[in-house]
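Visitor: Sending over a structure as structure tokens; questions will come in a sec.
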Amino acid sequence: VAHCRRWIDRAAQTWLRYTVGAALLLGLCALGAAAGEANEDNDLSWALRPLVKPAVPGVAAEMHPIDAFVSHAQRERNVEPLPAADRLTWLRRVSLDLIGLPPTPAEQADFVADDSAEAFDHVVDRLLASRQYGVRYGRRWLDVLRYADVDERAPAASQLYLWRDWVTAALNQGIPYDDFVRAQITGQRDSERTSMTATGQRRPKSLRVDDTFALGFLARGATTRANSDESIGIAAVETISSAFMGMTVGCAKCHDHFYDPIEQRDFYAMKSLFDSLVLEPVNLATAQQMLEYGEQLAEHERAKQQLEADLDRLVEPYHTRLYDERVNMLPPDVQAVIRKPAKQRSRAEQQIADDYYPILRIDSPKLKEIMPPDVIEKYDAQRRRIDALKGPATLPVFLTVREDEFLKQRPRYILNSGDAARPETDRPVDAGFPFCDLPAEELFADGLREGFVDWLTSPANPLFARVAVNRMWQWHFGIGLQANTSDFGYMGGEPTHPELLDWLAAEFVAHDYDMKWLHRCIVTSAAYRRASAGNDVDVENVQRDPTNETLWRFPLQRLDAETVWDTLHAAAGDLDLAIGGPSFQPNESDDFRAAPKRRGAYLLRGFQSSREVTPEFLRVFDVEDGRLPCPVRQQSVTAPQSLLLLNARIATDAAEKLSQRCMSNNSDELAQAVTQAYAYVLGRAPTSAELNAALEFLNGDANQFAPFCLVLFNLDEFLYVR
């Protein structure tokens, strides 16, 4: 409340400083003041209110809690939900959702054959236990945290794939969400303050990969620009506040936030938490690699010295001749100084020798002017041998961050318009952050970042769990319970199901921030299992709830770029499911078939001003370049997408391989081949009408099967999750 009151009180000051948009700002402040007089509780955004677990509506005892909240909203708006989708539609939906891969024909058959009450739970458990889960959800988190393999301004980018691999491994190991955040901000996932679960039990130590790589998150923010020591803090504030707090604190870098109770001082106070960080290289080489490197380097130096000695002997007579000619042109007293051995010169004489060095220096073009042609030929050949001499490959290095003691002591100020070269020395700031009034001595007793993360991940912080739950809900349903997943401020809007959001957030905390529990809770609900389209009931539902706020149907979602890539290669049978390692650039040239077929999450992406880095395949399907956080990708529908699926080498090659795959098993029976192709591409069997149409198109000609497979890849049912 105090933050909101300060925000309203400074309206006049803001009007004087920012004339553009001042009328709008004052109007908003006046509305806020009026609302505060009517109801003081409304001064505080819904997102900042204490998290209290609401009671589950008493609809039916056996109903899933999510469905109880949703059903209550549907009854209030007189909306009739669609029935459950058929089993294979749900199987394809949940498989693409949780691991980003379509179900295989064998998995489809097993699920259809399993008529037990636990059949759906078995599928979910299998998918969450798969190592491909970490690849899928690691990619989603890295969008939010602005991962890039290439960024010409970021020195840490070249080895950031190790941070990406840390995220993948941590998710597969079931890291609690609070530890997931803590490790990327402090470099260690456990804290004495957080070693107890929400129920008072001691938390078991997480299986861990090297958390050093988690700090790639902070190192990503460093730039090569002037005042680059400020860039880590600026990037950290902008990304952490939006990703984990759901607040646009970055909007207060140049001025007080126009809409939310966040002052410019809050931005720089939060930035101060990270201002003492500098890049720190970590040698990743093993002892054996370092030994081999030392031996190779010594051998390289010996070979280079030998070649250079041979070159010196070759040019010595010509060099001496030119040198003597130039010395003889100098005044006699200077000649005497130059000819004296360096060790015998006085300080003044050495200064004279240094002053004349540029005149006496002899470059190779001058030497060649007096060399005979045969000597010039020998000289050039020897120089080429020296230039061709390659040293050992550099040892692998990962750039992390460390605290710099000098920067720790440096005073911090608000920066004029965010420019590090223009600090406002009359406006000093101390470390802190918005929405927290705890005394600094208590808060930062264990360190600045440690104190901040303790507050951020505390069960008493209502933002932390709400933002996480809403973001993961968006990944399953295409839109969050609150639509703006990285902006819970006044402009972000309120949730459509506030009680459901709070219930999920409270349960998430009670389950020790278990992300896999949250996924399981969501995808086992009837709301998630619902059909995406119906018949007669649709018209009335559309009139009463056109935007599907009550979740009367499952929202249709287009596959993201990586899933399109993976599904094409999975159907072709050549997808490489190896996990980890450097990213790769797809090859569209004649040797396309020899190019890597790894998962789309490992496709190179990033930014460089001189060339396109992110592959065209990713750009066509709305993948950003990683310069900014991407809380939600666009779902565009464009002509280039259709043209790519119809003409690109990846699509035509996948169709050819799928054709060979199906025909090799069913060379004498086209109907069986068609059925198998449907299973690989669409995750179901064809209807009788579809089968007849396919056989009519093929007309008994097996050579037409590859074009038929290409048609399947271009169906909207392939490109969308139903």
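The values are calculated or read from the model by the stated rules, or taken from the named source; none is laboratory data. Here the structure is a predicted model, which means the values were calculated and not measured. Glycine also receives a Cβ, built like all others from the backbone with ideal geometry; neighbour counts cover every protein chain displayed.
Visitor: Which of the residues belonging to region 628-669 are more than 30 Å from M247 (Cα to Cα), crowded, with 17+ Cβ neighbours inside 10 Å, β-branched (V, I, T) and within 26 Å of the chain's Cα centre (by Cα)?
Guide: I650
Visitor: Moving on to the next point. Is it fair to say V613 is under 29 Å from A679 (Cα atoms) and part of a loop (DSSP other than H, G, I, E, B)?
Guide: Working: under 29 Å from A679 (Cα atoms): no; part of a loop (DSSP other than H, G, I, E, B): yes.
No; evaluated as a whole, the condition is false for this residue.
Visitor: Here is a further query. Given (1) touching a strand residue (DSSP E or B) at 6+ places or on another chain (Cβ under 8 Å); (2) in a helix (DSSP H, G or I); (3) of a type in the set (A, V, I, L, M), where does L171 come up short, assuming only one miss?
Guide: Among (1) touching a strand residue (DSSP E or B) at 6+ places or on another chain (Cβ under 8 Å); (2) in a helix (DSSP H, G or I); (3) of a type in the set (A, V, I, L, M), the lone unmet condition for L171 is (1).
Visitor: Then there is this: I'd like the full set of residues that are touching a helix residue (DSSP H, G or I) at 6+ places or on another chain (Cβ under 7 Å) and either among the acidic types (D, E) or part of a helix (DSSP H, G or I) (or both), limited to region 147-164.
Guide: D149, D151, L162, W163, R164
Visitor: Let me ask something else about it. If you check A693, A654, A673, which single one turns out to be more than 16 Å from Q108 (Cβ to Cβ), assigned by TED's automatic domain parsing to the domain that holds D574, in a helix (DSSP H, G or I) and in contact with a Leu (Cβ under 6 Å, 6 or more places away or on another chain)? First the steps, then the outcome.
Guide: Working: A693 fails: in contact with a Leu (Cβ under 6 Å, 6 or more places away or on another chain); A673 fails: in contact with a Leu (Cβ under 6 Å, 6 or more places away or on another chain).
Being more than 16 Å from Q108 (Cβ to Cβ), assigned by TED's automatic domain parsing to the domain that holds D574, in a helix (DSSP H, G or I) and in contact with a Leu (Cβ under 6 Å, 6 or more places away or on another chain) holds for just one of A693, A654, A673, which is A654.
Visitor: I would also like to ask the following. Go through the residues of region 316-330 one by one and say whether even a single one is part of a helix (DSSP H, G or I), of a type in the set (D, E, K, R) and either surrounded by 14 or more Cβ atoms within 10 Å (Cβ to Cβ) or in contact (Cβ under 8 Å) with a residue 24 or more places away in the chain (or both). Steps first, answer last, please.
Guide: Of all residues in region 316-330, those part of a helix (DSSP H, G or I) come to 316-328.
Restricting the remaining residues to those that are of a type in the set (D, E, K, R) gives 316, 321, 324-326.
Filter once more, keeping what is either surrounded by 14 or more Cβ atoms within 10 Å (Cβ to Cβ) or in contact (Cβ under 8 Å) with a residue 24 or more places away in the chain (or both): 321, 326.
Taking every residue of region 316-330 in turn, at least one turns out to be part of a helix (DSSP H, G or I), of a type in the set (D, E, K, R) and either surrounded by 14 or more Cβ atoms within 10 Å (Cβ to Cβ) or in contact (Cβ under 8 Å) with a residue 24 or more places away in the chain (or both).
Visitor: Looking at A336, A342, which is the one that is farther than 24 Å from E308 by Cβ and loosely packed, with under 14 Cβ neighbours inside 10 Å?
Guide: Sole residue among the options that is farther than 24 Å from E308 by Cβ and loosely packed, with under 14 Cβ neighbours inside 10 Å: A336.
Visitor: For the condition under 30 Å from E230 (Cβ atoms) and among the charged types (D, E, K, R), what is the one hit in R529, R466, R471? Let's see the steps before the verdict.
Guide: Numbers: R529 fails: under 30 Å from E230 (Cβ atoms); R466 fails: under 30 Å from E230 (Cβ atoms).
Of R529, R466, R471, the one residue that is under 30 Å from E230 (Cβ atoms) and among the charged types (D, E, K, R) is R471.
Visitor: Within region 381-403, identify whether any single residue is part of a loop (DSSP other than H, G, I, E, B) and among the small types (G, A, S), and answer yes or no.
Guide: There is at least one residue in region 381-403 that is part of a loop (DSSP other than H, G, I, E, B) and among the small types (G, A, S).
Visitor: Quick one: how many residues across region 390-409 are more than 30 Å from W166 (Cα to Cα) and surrounded by 12 or more Cβ atoms within 10 Å (Cβ to Cβ)?
Guide: So the answer is 1.
Visitor: Okay, moving on. Is it the case, given these coordinates, that F621 is in contact (Cβ under 8 Å) with a residue 24 or more places away in the chain and among the aromatic types (F, W, Y)?
Guide: Yes; evaluated as a whole, the condition is true for this residue.
Visitor: Starting from region 475-488, take each residue that is within 16 Å of R558 (Cα to Cα) and list its partners that are among the acidic types (D, E) and buried (at least 24 other Cβ atoms within 10 Å of the Cβ), counting only C-beta distances under 9 angstrom and pairs at least six apart or across chains.
Guide: none
Visitor: Could you please find all residues in region 430-457 being under 31 Å from the mean Cα position of the chain (by Cα) and outside any helix (DSSP H, G or I)?
Guide: D430, A431, G432, F433, P434, F435, C436, F444, D446, G447, T457 - these are the residues of region 430-457 that are under 31 Å from the mean Cα position of the chain (by Cα) and outside any helix (DSSP H, G or I).
Visitor: What pairs can you find where one residue is in region 358-383 and in the same structural domain as L322 (by TED's automatic domain parsing) and within 19 Å of L330 (Cβ to Cβ), the other is surrounded by 11 or more Cβ atoms within 10 Å (Cβ to Cβ) and of a type in the set (A, V, I, L, M), and their Cβ atoms are less than 7 Å apart, with a gap of 6+ or different chains?
Guide: L360/V327; I362/L322; K366/L322
Visitor: Counting residues that are outside the structural domain of D151 (by TED's automatic domain parsing) and basic (K, R), which helices (runs of 4 or more DSSP H) fully inside region 499-603 reach at least 1?
Guide: In region 499-603, 515-523, 526-529, 536-544 are the helices (runs of 4 or more DSSP H) which contain 1 or more residues that are outside the structural domain of D151 (by TED's automatic domain parsing) and basic (K, R).
Visitor: Being touching a residue at least 40 places away in the same chain (Cβ under 8 Å) and outside any helix (DSSP H, G or I) narrows it down to one residue among V681, V637; which is it?
Guide: Testing whether each residue is touching a residue at least 40 places away in the same chain (Cβ under 8 Å) and outside any helix (DSSP H, G or I) leaves just V637.
Visitor: Right, here's the next one. Does L311 satisfy the condition of being within 30 Å of P373 (Cα to Cα) and surrounded by 16 or more Cβ atoms within 10 Å (Cβ to Cβ)?
Guide: yes
Visitor: Pairs please, first residue from region 559-580 and touching a residue at least 60 places away in the same chain (Cβ under 8 Å) and crowded, with 22+ Cβ neighbours inside 10 Å, second anywhere and among the β-branched types (V, I, T) and in a helix (DSSP H, G or I), Cβ atoms under 6 Å, 6+ apart in sequence or on different chains.
Guide: Taking only residues 6 or more apart or on different chains, the pairs are L568/I650; A571/V681.
Visitor: Looking at (1) crowded, with 21+ Cβ neighbours inside 10 Å; (2) over 19 Å from D143 (Cα atoms); (3) touching a residue at least 12 places away in the same chain (Cβ under 8 Å), find the lone condition where C251 falls short.
Guide: (3)
Visitor: Just checking, how many residues over region 113-147 are hydroxyl-bearing (S, T, Y), under 26 Å from the mean Cα position of the chain (by Cα) and more than 23 Å from Q634 (Cα to Cα)?
Guide: Adding up the residues that qualify gives 1.
Visitor: Do you know which residues across region 404-429 are charged (D, E, K, R) and part of a strand (DSSP E or B)? Walk me through how you get there before you give the answer.
Guide: We begin by selecting, within region 404-429, every residue charged (D, E, K, R); these are 404-405, 408, 410, 412, 419, 422, 424, 426-427.
Passing the criteria: R412, E424, D426, R427.
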